[in-house]
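Input: a single structure, listed below in structure tokens.
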Amino acid sequence: MADQCEGKDSWPELLGAQGTVAKETIESENSLVKAEIVLEGTIVPINIRRQCDRVRVWVDTDGIVTRVPVIG
């Protein structure tokens, strides 16, 4: 399928982890992506196409991951 991304694409085990640790883990487990830490409530652009090179790591004010990080 053309819209499938290469490598690991989801990190449910990082839910509840420190955002900085999650970012490092994601980038070490899939070198094709860049993880971006985003504070809950931040407005981010919505993209129509799936971006296989980005993972948003949503964190709360304590820096804890609040959503399962996924590619896109």
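The values are calculated or read from the model by the stated rules, or taken from the named source; none is laboratory data. Only a predicted model underlies this, so the values are computations on that prediction, with no experimental measurement involved. Cβ sites come from the backbone with ideal geometry, for glycine too, and all protein chains shown count toward neighbours. Ligands, DNA and RNA are excluded from the accessible area calculation, which covers all protein heavy atoms including side chains. Shrake-Rupley method; radii C 1.70, N 1.55, O 1.52, S 1.80 Å.
Some values worked out for this structure:
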item	result
Difference of contour (0.36 nm per residue) and Cα-Cα distance, residue 28 to residue 15	3.0 nm
Of all accessible heavy-atom area on the chain, the percent that carbon and sulfur account for (1.4 Å)	55
Surface per residue (accessible, 1.4 Å probe) for the chain, Å²	65
Full-stretch length increase - residue 39, residue 60 - with 0.36 nm per residue and alpha-carbon distance subtracted	7.0 nm
Gyration tensor (alpha-carbon) shape descriptor, the chain, a/c threshold 1.5	oblate
Simple Cβ-charge dipole of the stretch 2-72, Lys/Arg +1 and Asp/Glu -1, about Cα centre, in debye nearest 20	240
Spin-label model distance (nm) - residue 4 vs residue 51, 7 Å beyond Cα toward Cβ	2.4
